[in-house]
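For reference, the structure is listed below as structure tokens.
Please treat every number below as a calculation from the coordinates, not as lab data. Everything quoted here is computed from the prediction, not taken from an experiment. Please note: Cβ atoms are built from the backbone with ideal geometry, for glycine as well, and neighbour counts cover all protein chains shown.
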Amino acid sequence: MAKNGKKTRKKIIIFSILGLVLVALGVIVFLGSRKEPVILVQVEKAQRRTVTQLVTATGKIQPEVLVKITPEVSGEIVALPVKEGQKVKKGDVLMKIKPDFYVAQREQFAAAVLQTKANLSRTEPEFKRVDALFKKGMVSQAEFDQARATNEQSKAGYSQANASLNQAEESLRKTTVFSPMDGTVSQLNSELGERVLGTVQFQGTDVMTIADLSRMEARVDVSENDVILVSIGDTARISVDAFPDRKANAVVYEIANTATSKGLGTQEEVTNFQVKMRVIEAAITLRPGMSMTADIETETKHNILCVPIQSLTTRVPKTEMKQGPPEEQAPMAASASAKKKEENKAQEIVFVVDNGVAKSAPVHRGISDDQWIEITSGVKDSVLVISGSYKAINRELEDGSKVRIEEPKKDLRKKPAEGQ
């Protein structure tokens, strides 16, 4: 019996110790869970830099001057002495349209002119004779009026026949089409023997395009939010898709006054303004229709305070309702409601590090490039600004969060210095 009692006491002691250990572990875990986490961040110093604000847009390369050649008369192409890519001079023959119909038309109206001229040569002397007799009272008023009307009709017929003859001669002249400028046949759409429509009565056939390839321009579509930043005379750097490693310089010389919209009435509706840039230096051969991207330099500022662009984020300020007697809460609630819209406006802030703690600093920003953004107020020179990670800046950090600065990773790809 004594041995059983000792074993029982031992078990009680062991289980009591285990229970105390478990309780202690639970307390440690509970206290540990209440400990505020430390967020790992990267930092950069706010410092002064030179920043060039860019507006990036895509578009096409086009000749600054091009003319679509459309015949003014219809007919069959009987001569086409040019080919695509050929250089031409102003006045060179581009094509000829079969003239047979227009020759016959000219001869028809030439005959009409001769006929009406003969009629006029007969009626005019007759009217002069009747006019002389009418003044002497030897013919009636009716005879005079008849002679005058006949003569006027002959004059009108002669004038109309002459006008028709001139029109026929002009149509015949237009069967030969000449180049209106020096340039290159950049596009040829028709073949020898093809029938084409003229622009006199129809929408004419675009036979070819003559372009001045020595003066090229870039045409891009700029969004309505960015076009207000672009001005005439801004410089740009153009990257052509066909030559990814080479760039050309350009200058903005025209900004559209009217917008063009795509996807009107849909969720994909986009409003853009066309901007034209004159290419002033190109070490590459540009061709019409090439795809390109333009970086337009809209503004440059020197010696301005900047932070990394990813450091800027937005927060809605947190407000607390002060507690008080019921009769005081109603006016306070009304006042809070009146200010709610203003208070709930999202603020642009950066987080700065102060003794291991993140503090939010409302800021006002200026221009930016793809890496840095100007801060006009809110932070001072050399302040440590949190620049990463994206998750920390936009989700995890709050005013007063504890942080630990992550050491920058060494770039193992760097080549060792000479002599090592």
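Please compare each pair in 60/83; 68/247; 45/402; 262/345; 98/174; 45/359 to a cut-off of 22 Å on the Cα-Cα distance and tell me which ones are over it.
Working: 60/83 24 Å; 68/247 29 Å; 45/402 19 Å; 262/345 32 Å; 98/174 11 Å; 45/359 15 Å.
The pairs that break the limit, which is 22 Å between Cα atoms, are 60/83; 68/247; 262/345.
Using a cut-off of 12 Å between beta-carbons, work out the net charge of the residues near residue 150 (Lys and Arg +1, Asp and Glu -1, residue 150 not included). Write down the numbers at each step before the final one.
Values: positive: 122, 148, 155; negative: 124, 126, 143, 145, 152.
Counting the neighbours of residue 150, the net charge comes to -2.
Which FRET efficiency value, to the nearest 0.05, is calculated for residue 225 and residue 192 with the Förster distance at 56 angstrom and r the Cβ-Cβ distance?
Working: r = 51 Å, r/R0 = 0.91.
Calculated transfer efficiency: 0.65.
If you take every residue apart from residue 299 with its C-beta less than 11 Å away from the C-beta of residue 299, what net charge results, scoring Lys and Arg +1 and Asp and Glu -1? Mind showing how you got there, number by number?
Values: positive: 301; negative: 234, 297, 369, 374.
Net of charged neighbours comes to -3.
Where does the charge balance sit around residue 222 when Lys and Arg score +1, Asp and Glu -1, over other residues with C-beta under 13 Å from its C-beta?
On the way: positive: 219, 276; negative: 221, 224, 226, 234, 254, 295.
Around residue 222, the surrounding residues sum to -4.
For the pair residue 149/residue 268, report the inter-label distance in nm, with labels modelled 7 Å from Cα in the Cβ direction.
Taking the two extended label points, one gets 7.1 nm.
Note the full-extension length gain between residue 136 and residue 100 as 0.36 nm times their separation in residues minus their Cα-Cα distance, in nm to one decimal. Don't skip to the answer; put the middle values down first.
On the way: separation 36, 0.36 × 36 = 12.96 nm, distance 5.50 nm.
Roughly 7.5 nm would be gained on extension.
Please compute the modelled spin-label separation between residue 40 and residue 128, points set 7 Å along Cα→Cβ, answer in nm with one decimal.
If labels sit at residue 128 and residue 40, their model points lie 11.5 nm apart.
Measuring from label point to label point, each 7 Å out along Cα→Cβ, what is the residue 173 to residue 25 span in nm?
10.8
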